[in-house]
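Shown next, in structure tokens, is the structure this report addresses.
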Amino acid sequence: MTVEDPHIDLLAEAFLRQPRRYTSHQVAAMAGVPVYRARRYWRALGFANVADDAVVFTEADVDALKTLVSLVGDGSYDEEHMLLVTRALGRATASLAESQAELGAETLDLAGVPLAQRPAAWRARADRVVPSLEQLLVYTWRRQLASAAGRIVDQEVGTVRLAVGFADMVGFTRLSRQIAERELAGLVERFEGRSADVVTSSGGRVVKTLGDSVLFVADLARVGAEIALRLVEVHAPDKAMPDLRVGLAMGPVISRMGDVFGTTVNLASRLTSLAPAGGVLADPALAEDLSAASGFALLPAEPMTAKGLGELLPSLVRRAPRG
């Protein structure tokens with residue numbers, strides 16, 4: 001769909017860094033593919049279909065489509081895996097773009113820029129910020145790719161044994177109805193930021209955050225337990241923050257497109273809902289691995305029955321007394 005507002009049109013070109021001069025059919029023809037195939041890639045990247053006569057594409061769109069086609073043509077990916085790659089890119093960059101746009105708007109708010117002057121201010125900001133953020137994006141992606149490849153290079157594709165942890169805020173839904181939206185947003189930002197710092201600095205990996213909860217994984221039980229305990233400890237001094245509870249499980253996990261699945265993940269999630277406020281509850285497999293690690297104490301918890309998982313004999317994880 002063609003953008004009618006000239007201010008928005010100029011703003012889009014400021015971020016795209018190129019004039020928009022092609023229709024979807026022209027781009028597909030220049031890339032040497034039918035338009036239906038081009039649209040499959042664009043939808044996978046998160047871009048909506050546009051009218052056949054909409055002039056919204058740039059030279060970069062042509063180059064990107066040619067790149068996708070060449071990666072399939074030379075056998076680097078088959079069509080199915082190429083679509084998986086594009087969907088992953090689309091999801092990750094859409095979330096990144098939304099957050100950066102919101103932060104940009106907040107910056108202009110704090111600077112007191114009147115609404116009538118926002119389009120011009122946005123264009124000036126794009127000229128300053130976009131090249132730097134583009135450089136940082138590529139740098140971060142390369143670093144993350146090196147880390148991920150190093151982690152899985154000697155693993156079988158599909159299932160791997162991991163410690164899985166869920167941490168969530170107790171009573172978050174009730175609290176969200178009682179406090180102002182700005183206060184709630186600040187609370188979520190503090191939770192996500194501190195949680196990510198704890199997980200990564202301890203040697204784990206954040207799989208995803210869901211506002212009031214965080215899902216993380218670690219290669220070893222002791223690393224998973226350390227992350228869980230530190231999460232509880234780090235958030236506790238914040239009086240506005242609800243108590244945390246954490247569920248931990250150890251076992252086979254299916255890792256796919258940056259997410260994790262399987263019974264071990266479901267078990268960790270279920271243990272979180274059963275854990276006491278401020279407590280860490282572990283399944284027997286993780287507790288067994290942890291029994292040989294120093295610095296932790298395991299206390300048997302009451303047997304529990306979880307739907308679809310049968311009877312559980314979990315353990316509370318605490319720090320071992322000093323001395």
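Readers should treat all values here as calculations from the given coordinates under stated rules, not as data from a laboratory. Predicted model only: the values in this text are computed from it and were never measured. Methodologically, a virtual Cβ is constructed for each residue, glycine included, from the backbone with ideal geometry; neighbour enumeration extends over all protein chains shown.
Run the numbers on segment 159-319 and let me know its relative contact order in percent, using alpha-carbon pairs under 8 Å that are six or more apart.
25 percent
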Which cross-chain or sequence-distant (5 or more) residues have an amide H under 5 Å from the amide H of residue 278, H modelled 1.01 Å from N in plane?
244, 245
In deg cm²/dmol, rounded to the nearest 500, the helical mean residue ellipticity at 222 nm of the chain, built from -39500 (n - 2.57) for every DSSP H run of length 4 or more, is -17500 deg cm²/dmol
With the chain reduced to its Cα atoms and the Debye formula applied, log10 I(q)/I(0) at q = 0.08 1/Å amounts to -0.52
Counting only C-alpha contacts under 8 Å and six or more residues apart, can you give the relative contact order of segment 6-127 as a whole percent?
32 percent
Value of Rg/Rh across segment 159-319 [Cα atoms, Kirkwood radius]
0.96
For the chain: relative contact order, % (alpha-carbon pairs under 8 angstrom, 6 or more apart)
13 percent
Packing-ranked peptide list from 260-271, 311-322, highest mean Cβ count within 10 angstrom first, is 260-271, 311-322
